[in-house]
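Below is one structure, written out as structure tokens; comments come after it.
We did not get these values from a lab; they are worked out from the coordinates using the rules stated. No experiment lies behind these values; they were computed from the predicted model shown. Counting neighbours? That spans all protein chains shown, and the Cβs are built from the backbone with ideal geometry, glycine included.
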Amino acid sequence: MHTEDGTVTAALVRSAREGDRQAVDRLFELAYAELIRRARSARRRNGPASLNTTALVHEAYLKLKPDHGLEIVDRAHFSYVMVRAMRQVLIDKARRRRAVKRGGDRNFVTLHEGDGSVPLRAEQLLALDEALDALAAFDERKAKVVECRFYCGFEVEETAEILGVSTATVKRDWRAARAWLAQELEADSES
């Protein structure tokens with residue numbers, strides 16, 4: 001969400017933080033093109049039967065409720081809030097697919113970076129979600145890195161900006177989190 005005038009964004013963030021739904025709406029409008037791009041990335045990971053791009057963005061937006069303690073710190077944080085909302089939408093969709101007994105778990109998502117990819121069915125996406133929650137319990141930043149990189153395809157630099165850390169930290173956390181999650185998912189599949 002890039003604007004010509006950073007003060008406009010700062011004022012909108014301040015108003016949104018104070019519960020102004022119109023400010024949240026305006027932030028959403030400013031971020032819409034970026035969110036559509038992120039949703040396309042998330043959909044590619046979630047297989048062809050996923051929500052369409054616009055539906056994913058709009059459902060995520062509907063999860064933002066300023067009257068329920070929505071705390072937006074800055075533009076980067078707003079992007080992260082949308083990442084979290086998209087994650088929730090995708091996980092809800094995976095739960096519904098898993099509940100359907102007619103092959104609903106045959107859609108694939110991919111946790112990847114370059115050459116190493118791990119295809120996941122809806123059932124495995126839910127296992128990933130549980131493992132990600134477990135990771136967040138002892139290292140919240142690593143879990144946030146995975147959310148940014150996996151659910152919305154943010155680049156290392158974008159993830160660093162959103163989380164307020166260096167790109168080296170993001171790269172290190174991404175490698176460590178992927179290894180930890182792969183181990184957790186493997187242990188989960190063996191049990």
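Based on the Cβ-Cβ distance from Glu190 to Thr167, what FRET efficiency comes out when R0 is 30 Å, to the nearest 0.05? That gives a FRET efficiency of 0.30.
Using R₀ = 35 Å, calculate the FRET efficiency as 1/(1 + (r/R₀)^6) where r is the Cβ-Cβ separation of Gln22 and Asp92; round to 0.05.
About 0.85, to the nearest 0.05.
With the cut-off at under 19 Å, measuring from each backbone N in region 129-167 to a point 7 Å along the Cα-to-Cβ line of Glu71 picks out 136-145, 162-165.
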